[in-house]
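Let me begin by presenting the structure, written as C-alpha cells, before commenting on it.
Read-outs throughout are calculated quantities, based only on the coordinates presented, and are distinct from any laboratory measurement. The shown structure was predicted, so the numbers you read here are calculated from the model rather than taken from an experiment. With ideal geometry, Cβ positions are generated from the backbone for all residues, glycine too; neighbour counts draw on all protein chains shown.
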C-alpha cells in the first residue's frame, strides 16, 4: 500500500513513517501543500494521512483541492484521507469530515490506533 503522509513536523513524520514501514507500507512524506499536490497528481496513492496545521495552506484547503481534482477527473473511487491532528476539540472531527476527509485521528496516537484507523479502509496487514 502506498501512503502519502502530509506532515510538516519532521519528527512526527519520521515516527509515523517508522510505524507504517513496519507494516511494509510505502510512505512518501511531504511537509507542504505544493509537494502534497505534486505527489498526489503524479503518484497513485492508496491513502493520505493529512495534518491540519500546515504552513501556507492547511489540511482543509489541501483536501478541498484534492477533492476538486478528483471531481474534475471524474474519479470513481476517491482516495481516503485521514486527518491526523493535535486539534481535539469537539467540533474538529466534524470540521474535518465536512472538509472532505474520511476519518479523524487525534494526536498523540499509538501505532495500534493508526493501524486500526487504516483498517477501516483496508483490511489486510493492519494488525
Discussion item. Residue 106 - would you say it is under 17 Å from residue 6 (Cα atoms) and touching a strand residue (DSSP E or B) at 6+ places or on another chain (Cβ under 7 Å)?
Written reply: yes
Worksheet item: Does residue 5 meet the test of being surrounded by 15 or more Cβ atoms within 10 Å (Cβ to Cβ), in contact with a strand residue (DSSP E or B) (Cβ under 9 Å, 6 or more places away or on another chain), touching a residue at least 40 places away in the same chain (Cβ under 8 Å) and in a loop (DSSP other than H, G, I, E, B)?
Response: no
Discussion item. Tally up the residues in the range 14-27 that are loosely packed, with under 15 Cβ neighbours inside 10 Å, touching a helix residue (DSSP H, G or I) at 6+ places or on another chain (Cβ under 9 Å) and touching a residue at least 24 places away in the same chain (Cβ under 8 Å), please.
Written reply: 2
Discussion item. Based on this model, can you work out whether residue 30 counts as in contact with a helix residue (DSSP H, G or I) (Cβ under 7 Å, 6 or more places away or on another chain), farther than 25 Å from residue 123 by Cα and surrounded by 14 or more Cβ atoms within 10 Å (Cβ to Cβ)?
Written reply: yes
Worksheet item: Which of the strands (runs of 3 or more DSSP E) contained wholly in the range 41-127 include at least 3 residues that are buried (at least 16 other Cβ atoms within 10 Å of the Cβ) and in contact (Cβ under 8 Å) with a residue 24 or more places away in the chain?
Response: 47-51, 81-85
